[in-house]
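Reading through the structure tokens given below for one structure.
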Amino acid sequence: MRVMFITPAASKTNVRWMPLGVCSLAGALFAAGHEVLLFDRFRISFDHDQDEIDRQLKASISAFRPDMIGFSTCSQLIHHSIHDVRVVRSVTDAFVVLGGHHATALPELTLQRIPEADAVIAGEGEESICLLADKHCKNDIPGLYWRERHEQDTTKKTEGLASLDRPDLSSRIFKSPVSRKPVDLQKLPAPAYHLLDMAFYTKRNISTIRPFYLRVGTVIATRGCTSHCSFCTESLTFTGGLRHHKVDDVIKTIRLLIETYHCDGITFLDNSFLADPDYARTVLQSIISSGLNHKALFCIQSRVDQITEDLARLLKQANFLKIEFGLESADPDVLLKTRKNASIQQAEKALQLCRRHGISTQVNLIMGFEGDTIDKLDKTLSWIKRLPIDNVSWGQLFLSPGSLLYRQKAQAYLEKNDWSKTNIEYFFSRDHLSDFLPDELKSWRALKLNRYLKALHRRSVLRRNPLPRAMHYFWTRLLLKGKNRWQNMQNAKHLRRS
Ligand code: B12
Ligand code: SF4
């Protein structure tokens, strides 16, 4: 079968982490003998506007003639996927299946709101998409929800199937009685990196492993998480706790990224690379013994309570020179609301430990929890200013469907409203729970946070990169700024003339 995948659009980001989910699905399909093409809308939307993306999408479909099209969905960008499904439907009758975090959280509703789609696969999709491509009986495919289009066919095809007991849907949307199970990562074929525009993803940039100016490749060693933070949906998509890829497979992938794609930076997408310290130690030792630590700089994400003295020493030896810690807030009351089960003292200890070992740190924070105030943001800002941190990512709280906070606080917004661009953008840009006034927050960001972040970034770039490389970065930024200004002037002139 010919299968095409479409990634979600790009929201504003400079980060070039590779979409490993679809690469892994494609790897599984290749191993099962299917043909696969990726329409990487994320990559294409960096350079092209909507009309050009639509044109390219239609052209790819006529050239490849897929039998099945798989969409990776993300809640904040679901309106783009809806648009893309419609574009696809205007040129092909291929079977359209949706997967990823959004479809996993709201499988039936996704099918209801996107009538042009045929099915949803909830959770990790490798096994189920292969079964679907092999034309297995839908009834036996784990995590599958599907639509039967014709009344007459429905009676025939759904005999013995578990139909959902919702009166408005029961005649149309069906759920496989086989519940989904966690994928056995030890048996997974390698992700199909070759489908990606690797020149784009590995272009030297500062944002992927901030503040290091590197050509970065993305790899994943573990899936799942044992924690249940109130805002997070990881355990919904990746059930079954923490699971590992084979260490040999991880090493092979790193080698491929370094030797074939010339990466000098590798970032692990694992939720917490140190969650299983024995496994982490084995990966680190294998990197050291294979000499890969001399060929690239590595970055991981970790919880603050999982780093220890001996792990920090080993990380440094393996050239893991950057760690991102998800702390979310430095206010004890707000921290409680996150259900992170980590303390500010643990965070301080972890950051000091990294500094002693020369490891660069980033703290990831979220603003907008219940009871959050400008005063609390100020306190968190003063706290981070005192600490040895190279970078701070301070985003706004999203109420993601599937999370505890969505269930408790979103008043079923996505269930009650249509998924138009306006509604989706309104919902995900809105501050739902805090006590900030919008203008107060805006000026706090402009006057305090952004100034601090800019200065911190400049300092960190200079401290963490060899001088010629840092200068090269500042020079390319200057050129880009000049180019943008010139382009804006040309656009303004053109507008005045017309
Ligand atoms: C790397 C990453 C990015 C990268 C790359 C994105 C990508 N397309 O992979 C970048 C930096 C671009 C990014 C951006 C954003 N991201 Co992001 N990102 C991640 C992160 C940390 C890892 C993704 C990953 O590789 N996972 C490992 C692979 C194996 O899993 P996977 O991609 O989920 O795919 C599996 C299943 O979901 C499923 N599946 C996925 N797609 C499909 C499609 C089909 C047809 C099928 C059958 C199955 C299926 O099968 C896959 C294999 O098992 C996740 C957190 C996480 N741990 O997943 C957040 C996450 C996916 N991102 C998230 C968000 C919110 C965003 C942004 C909207 C942030 C923003 N405000 O800008 C943007 C969206 C841009 C975009 N185009 O995706 C949320 C999504 C929440 C939601 N409910 O939708 C997540 C879950 C983080 C979180 N916990 O909140 N992100
Ligand atoms: S935020 Fe991180 S630690 Fe918390 S549940 Fe999600 S992945 Fe796990």
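The values are calculated or read from the model by the stated rules, or taken from the named source; none is laboratory data. Every value quoted in this text rests on a predicted model; they were computed, and no experiment measured them. Here the Cβ is made from the backbone with ideal geometry for all residues, glycine too, and neighbour counts use every protein chain on show.
Selection of the stretch 55-104 for residues being within 16 Å of ligand 2 (Cβ to nearest atom) and hydrophobic (A, V, I, L, M, F, W, C) yields only C74.
Of all residues in the stretch 255-265 being assigned to a helix (DSSP H, G or I) and within 18 Å of F200 (Cα to Cα), which is nearest to the chain's Cα centre (by Cα)? Talk me through it step by step, then tell me what you get.
Residues of the stretch 255-265 assigned to a helix (DSSP H, G or I): 255-259.
Adding the requirement that they be within 18 Å of F200 (Cα to Cα) leaves 256-259.
Details: L256: 22, L257: 19, I258: 22, E259: 25 Å.
So the residue we want is L257.
Are any of the residues in the stretch 442-450 in a loop (DSSP other than H, G, I, E, B) and either within 23 Å of K337 (Cα to Cα) or among the aromatic types (F, W, Y) (or both)? Let's see the steps before the verdict.
Narrowing the stretch 442-450 to residues in a loop (DSSP other than H, G, I, E, B): none.
No, the stretch 442-450 contains no residue that is in a loop (DSSP other than H, G, I, E, B) and either within 23 Å of K337 (Cα to Cα) or among the aromatic types (F, W, Y) (or both).
Only one of N465, N417, N423, N488 is touching a helix residue (DSSP H, G or I) at 6+ places or on another chain (Cβ under 9 Å) and more than 28 Å from M367 (Cβ to Cβ). Can you tell me which?
Working: N417 fails: more than 28 Å from M367 (Cβ to Cβ); N423 fails: more than 28 Å from M367 (Cβ to Cβ); N488 fails: touching a helix residue (DSSP H, G or I) at 6+ places or on another chain (Cβ under 9 Å).
Of the residues listed, the single one that is touching a helix residue (DSSP H, G or I) at 6+ places or on another chain (Cβ under 9 Å) and more than 28 Å from M367 (Cβ to Cβ) is N465.
For the stretch 307-326, filtering for residues that are away from ligand 1 (no atom under 16 Å from the Cβ) and either aliphatic (A, V, I, L, M) or under 18 Å from A275 (Cβ atoms) (or both) leaves 11.
On inspection, I251 fails the criterion of being in the same structural domain as L351 (by TED's automatic domain parsing), within 20 Å of S360 (Cβ to Cβ) and among the β-branched types (V, I, T). Pairing each residue of the stretch 447-472 that is more than 14 Å from I206 (Cβ to Cβ) with any residue that is among the aliphatic types (A, V, I, L, M) and in a helix (DSSP H, G or I), provided the two are 6+ apart or on different chains, yields C-beta distances under 8 Å for K448/L381; L449/L377; L449/L381; Y452/L381. Could you check, for the stretch 281-297, whether at least one of its residues is in contact with a Ser or Thr (Cβ under 6 Å, 6 or more places away or on another chain) and in the same structural domain as K385 (by TED's automatic domain parsing)? For the stretch 281-297, residues in contact with a Ser or Thr (Cβ under 6 Å, 6 or more places away or on another chain) and in the same structural domain as K385 (by TED's automatic domain parsing): absent. Taken together, P189, P177 contain a single residue that is outside any helix (DSSP H, G or I) and either within 14 Å of ligand 1 (Cβ to nearest atom) or closer than 21 Å to I307 by Cβ (or both), which is P189.
I need every pair where a residue in the stretch 427-439 that is over 16 Å from K376 (Cα atoms) has its Cβ under 9 Å from the Cβ of a residue that is assigned to a loop (DSSP other than H, G, I, E, B) and more than 14 Å from ligand 1 (Cβ to nearest atom), sequence separation at least 6 or different chains. Once the first residue is over 16 Å from K376 (Cα atoms) and sits in the stretch 427-439, its partners that are assigned to a loop (DSSP other than H, G, I, E, B) and more than 14 Å from ligand 1 (Cβ to nearest atom) give F427/N417; H432/E370.
Picking from L456, L480, which residue would you name as being within 28 Å of the chain's Cα centre (by Cα) and assigned by TED's automatic domain parsing to the domain that holds S207? Step by step, each of L456, L480 is checked, and only L456 is within 28 Å of the chain's Cα centre (by Cα) and assigned by TED's automatic domain parsing to the domain that holds S207. The set of residues from the stretch 190-203 being crowded, with 17+ Cβ neighbours inside 10 Å and within 25 Å of Q362 (Cα to Cα) comprises Y201, T202. Name every residue in the stretch 296-310 that is surrounded by 17 or more Cβ atoms within 10 Å (Cβ to Cβ) and out of contact with any Cys (no Cβ under 7 Å at 6 or more places or on another chain), in order of residue number. Answer for the stretch 296-310, where residues must be surrounded by 17 or more Cβ atoms within 10 Å (Cβ to Cβ) and out of contact with any Cys (no Cβ under 7 Å at 6 or more places or on another chain): L297, F298, C299, I300, Q301, S302, R303, V304, D305, Q306, I307. Restricting to the stretch 248-282, and then to whatever is in contact with a Phe, Trp or Tyr (Cβ under 8 Å, 6 or more places away or on another chain) and hydrophobic (A, V, I, L, M, F, W, C), can you tell me which residue is farthest from ligand 2 (Cβ to nearest atom)? Looking at residues that are in contact with a Phe, Trp or Tyr (Cβ under 8 Å, 6 or more places away or on another chain) and hydrophobic (A, V, I, L, M, F, W, C), I get L256.
Report yes if I209 is part of a loop (DSSP other than H, G, I, E, B) and within 22 Å of G291 (Cα to Cα), otherwise no.
yes
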